[in-house]
Amino acid sequence: MDLEELILRYYLKVFSIFFFIIFLLFSSYIYYTLNKTIYLKNNLITINKGDKIEKVIKKNITNYSNLETFIIIKYYQANYILFNKFIHFGDFFLEKNISFFDFLETISKSSNILNKITIVEGWSSAQLNKELSKYFENFNNISYENVIADTYFFQKNIDYKHFRKNLINVKENYFNKYKNNFLTQLLSEKEIMIIGSLIEKEGLDREDKLKISSVILNRLKKNMKLQIDATVLFALTNGKYNLNRKLFISDYKYEHPYNTYRIYGLPPSPISYVGKETLDVIFENYQTDFLFYFFNKSLNKHIFSETFDEHKRKLNEYRKNK
């Protein structure tokens with residue numbers, strides 16, 4: 001065997017080893033890409049008819065690079081050709097912290113959403129319990145401060161403990177978005193939820209809620225009693241709200257830890273479930289000098305004032321015109 005042939009064999013051997021190493025590394029990277037935990041923007045995803053896999057990835061997954069997206073698309077195309085496995089359109093519920101394998105397996109079948117529960121902003125625990133009883137035999141009260149009012153999708157036969165954990169995770173993820181907001185340095189999550197529940201029971205629309213939020217924060221800064229009627233109703237009815245009559249002057253004097261006409265500061269805990277939109281209102285920290293408001297039935301709106309004299313004058317005018 002001459003020297004030239006030996007050199008050729010040597011380079012072929014080196015090239016084979018190099019190619020094998022590259023193949024092994026690339027295969028490992030493909031395996032890693034398909035098995036790494038994906039970060040979903042939401043547990044609920046919607047795939048519209050005609051959506052391509054690349055659009056589904058871009059719309060719902062946040063932690064994939066261009067190369068990883070390319071690998072996933074090619075993997076999906078291979079599954080489509082070899083196993084006739086394709087994505088379905090519809091709504092899908094997916095757990096957090098799943099791999100792309102699990103993601104593809106779920107969306108390659110018919111929609112897996114069979115049940116949903118909507119927790120309405122301002123609901124009482126009794127109203128939620130009535131809804132929970134439709135889907136779960138054994139459940140307990142979910143405190144107002146632990147969950148955010150929203151629509152929650154879940155699979156049939158899911159156990160209550162798992163469902164409740166998902167609700168709590170949604171709330172935790174929401175507050176993580178605002179962890180650098182200056183209000184979280186002044187108020188605890190529980191206090192923000194309490195303020196949110198007061199706004200839910202009092203506010204009519206977003207603009208109204210912004211103003212009421214400013215009144216509450218302004219009064220807290222000045223160490224004024226909040227004097228919110230919804231807390232009187234909560235105190236009198238133990239959170240049921242169905243008093244079936246107007247509030248009397250004696251009601252405002254009712255000794256109760258939730259009656260903000262008697263106590264200073266916030267009540268001990270929220271008085272209803274709170275939605276994301278109302279919490280967003282609080283974090284917006286809308287600024288006004290308002291300290292007082294009352295409800296004008298004729299105009300179907302709250303009338304706001306900066307001083308007690310202004311508030312008293314507007315209230316007297318309203319009462320004269322009733």
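Read-outs throughout are calculated quantities, based only on the coordinates presented, and are distinct from any laboratory measurement. All values reported here derive from a predicted model rather than from experimental measurement.
Counting only Cα atoms, the size of region 3-107 along its three principal axes is 67, 26, 19 Å, in decreasing order. Gyration tensor over the Cα atoms of region 276-322: the corresponding equivalent ellipsoid has semi-axes (square roots of 5 times the eigenvalues, largest first) of 25, 14, 5 Å. Over the residues of the chain, the helix contribution to mean residue ellipticity at 222 nm works out to -15500 deg cm²/dmol, using -39500 (n - 2.57) for each DSSP H run of at least 4. Just so you know, the Cα atoms of the chain work out to an Rg and Dmax of 29.0, 117 Å. Across the chain, C-alpha contacts under 8 Å between residues 6 or more apart give a mean separation that, scaled by the residue count, equals a relative contact order of 15 percent. Size descriptors for region 131-266: radius of gyration and Dmax over Cα atoms are 17.3, 51 Å.
If the Kirkwood radius is taken over C-alpha pairs of region 96-155, then at 37 °C and 0.692 mPa s the Stokes-Einstein diffusion coefficient equals 240 µm²/s.
Straightening the chain between Phe139 and Ser28 buys 35.5 nm, computed as 0.36 nm per residue apart minus the Cα-Cα spacing.
Note on region 13-58 and region 86-126: Cα centroid distance 22 Å, given to the nearest whole angstrom. The smallest convex shape that holds all Cα atoms of region 170-232, its convex hull, gives 101 Å³ per residue. When the P(r) of region 129-169 is calculated, the portion above 13 Å amounts to 53% of the C-alpha pairs.
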